[in-house]
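Input: a single structure, listed below in C-alpha cells.
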Amino acid sequence: VHGLAFIDANRIAAVGEGGAIKVWNVAEGKLEKALEGHQGAVLALAIRPDRSQILSGGDDKTVRLWEVGGLKELKTFSGHDGPVTAIAFSPDPKVIVSGGADKTLIMQQFATHFAFLEGELAQRDWFAGDIFSAADVQMSFPLDAASARAGLGDRFPKLQGFLDRIHA
C-alpha cells in the first residue's frame, strides 16, 4: 500500500502496486470499486477537500482526476518524465500540483497553458507572426521563470527552442 485517504465517513481509497485505486466501504468491509487507468503502481493519492474528486499519481508518469460521485475518471494529465510520487489539490479548485521522481513540480494549470503555447509555436517560430517582435520579448519573461522553476525541456520542446532563440 502506497497511500490511503478517507473519501467520507464510510469509504476509504487505497493505492498500491496493483495499478488501481481501490475504494472500500469500511462499514461493510467490502470493496466497492476498483478505479483502473494507471499502467503500473499507483504511488500517490489525494482527496479534494470538498470530497468531490480523487487525484492519483502513478508509475506511468501520469496524474489522473476521478469523480467521487460516479467513481469514474475525468481527466489524465501528463508531463512528468518519471513516476509521479506526490500530488495535491490547491485551494484554487482549478489547480493541482504534482511532483515526481524526475525532480519536477508541475502545476497542471500551467501545463495546460504551456501545451497551448507549444501548439502555437508548432505553427511558427515567433508568437506574433513570422518575425521577432516585442510580443516575443514579453512572452519570454514568464517562460524564463517557468523554465527556471520547473524546466520545460523535453516536455515542451518548441517553448524551449523559443527561449534558446531569445537568449542567442
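Could you check the range 43-60 and list, in sequence order, the residues that are within 16 Å of the chain's Cα centre (by Cα) and either of a type in the set (Ser, Thr, Tyr) or within 16 Å of Val97 (Cα to Cα) (or both)?
If the condition is that a residue be within 16 Å of the chain's Cα centre (by Cα) and either of a type in the set (Ser, Thr, Tyr) or within 16 Å of Val97 (Cα to Cα) (or both), then Leu43, Ala44, Leu45, Ala46, Ile47, Arg48, Gln53, Ile54, Leu55, Ser56, Gly57, Gly58 are the ones that fit.
Name the residues in the range 127-168 that are polar (S, T, N, Q) and over 25 Å from the mean Cα position of the chain (by Cα), would you?
Ser133, Gln138
I'm trying to understand the selection: among the residues of the range 45-71, which are out of contact with any Ser or Thr (no Cβ under 6 Å at 6 or more places or on another chain), open to solvent by 10 Å² or more (accessible area, probe 1.4 Å) and over 17 Å from Asp8 (Cβ atoms)?
Asp59, Asp60, Lys61, Leu65
Could you figure out which of (1) of a type in the set (A, V, I, L, M); (2) open to solvent by less than 40 Å² (accessible area, probe 1.4 Å); (3) under 19 Å from the mean Cα position of the chain (by Cα) isn't true of Ala86?
(2)
Across the range 96-116, what is the number of residues that are part of a helix (DSSP H, G or I) and open to solvent by 30 Å² or more (accessible area, probe 1.4 Å)?
Of the residues in that region, 7 qualify.
Taking Leu163, is it in a helix (DSSP H, G or I) and either under 20 Å from Phe77 (Cα atoms) or open to solvent by less than 40 Å² (accessible area, probe 1.4 Å) (or both)?
Taking the combined requirement at face value, the residue satisfies it.
Of all residues in the range 48-66, count the ones that are farther than 18 Å from Thr76 by Cβ and either at pLDDT 95 or above or touching a Phe, Trp or Tyr at 6+ places or on another chain (Cβ under 8 Å) (or both).
Of the residues in that region, 1 qualify.
The values are calculated or read from the model by the stated rules, or taken from the named source; none is laboratory data. Here the structure is a predicted model, which means the values were calculated and not measured. Please note: Cβ atoms are built from the backbone with ideal geometry, for glycine as well, and neighbour counts cover all protein chains shown. Ligands, DNA and RNA are stripped out before the accessible areas are found, and what is left, the full protein with its side chains, is counted by its heavy atoms. Shrake-Rupley method; radii C 1.70, N 1.55, O 1.52, S 1.80 Å.
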